[in-house]
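The values are calculated or read from the model by the stated rules, or taken from the named source; none is laboratory data. No experiment lies behind these values; they were computed from the predicted model shown. All Cβ positions, even for glycine, are placed from backbone atoms using ideal geometry, and neighbour counts span all protein chains on display.
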Amino acid sequence: MQDKARRDLFRGSLDVMVLAVLADGRAYGYAIQKKLKEAGGQTIQAGSLYPLLHRLEADGLIKATWDRSSARERKWYELTLAGKRELRRAAADWQAYLARLQALVLPAVRNIASQG
């Protein structure tokens, strides 16, 4: 149950996590995948990441461009203005959610700890 809950939380956060990664500047898929692993402690498979990137692009939150200047072509992703606005909105939602969760859970944990 614990692993499933972590995976579900990670999956439910992926949109905002990808937007946050791209807030640092443009990145290609593998670099995004690495940063998500470092931040979330879980690996997102390419088969899940690229459809997510395509959806975010279709929603106008990111844009993709091909770099063909080197031997290895890479598709780079970056935030659009709409993506920046969405990241700010999602971050505010997350902060409000975490505050409500802490208000509920932390007193319960303290109560349990005081019971021995």
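A few comments on the model shown:
- Of all residues in the range 33-47, those being of a type in the set (A, V, I, L, M, F, W, C), surrounded by 15 or more Cβ atoms within 10 Å (Cβ to Cβ) and under 22 Å from Ala92 (Cα atoms) number 1.
- Here the helices (runs of 4 or more DSSP H) wholly within the chain that include at least 3 residues being modelled with pLDDT of 95 or more and of a type in the set (A, V, I, L, M) are 2-23, 46-58, 81-114.
- When each of Ala39, Ala82 is tested for being of a type outside the set (S, T, N, Q), under 20 Å from Arg11 (Cβ atoms) and in contact (Cβ under 8 Å) with a residue 12 or more places away in the chain, the lone residue that passes is Ala39.
- Taken over the range 66-87, the criterion of being more than 19 Å from Pro51 (Cβ to Cβ) and exposed (fewer than 12 other Cβ atoms within 10 Å of the Cβ) is satisfied by Arg68, Ser69, Ser70, Ala71, Arg72, Glu73, Leu81.
- Checked against (1) over 25 Å from Lys4 (Cα atoms); (2) in contact with a Leu (Cβ under 8 Å, 6 or more places away or on another chain), Ala90 passes all but a single condition, namely (1).
- The residues listed here are Arg26, Arg55, Arg74; of these, the one that is over 16 Å from the mean Cα position of the chain (by Cα) and either under 25 Å from Arg6 (Cα atoms) or not hydroxyl-bearing (Ser, Thr, Tyr) (or both) is Arg74.
- Considering only residues in the range 1-27 that are surrounded by fewer than 17 Cβ atoms within 10 Å (Cβ to Cβ) and in contact with a Phe, Trp or Tyr (Cβ under 9 Å, 6 or more places away or on another chain), the one that is farthest from Tyr97 (Cα to Cα) turns out to be Arg26.
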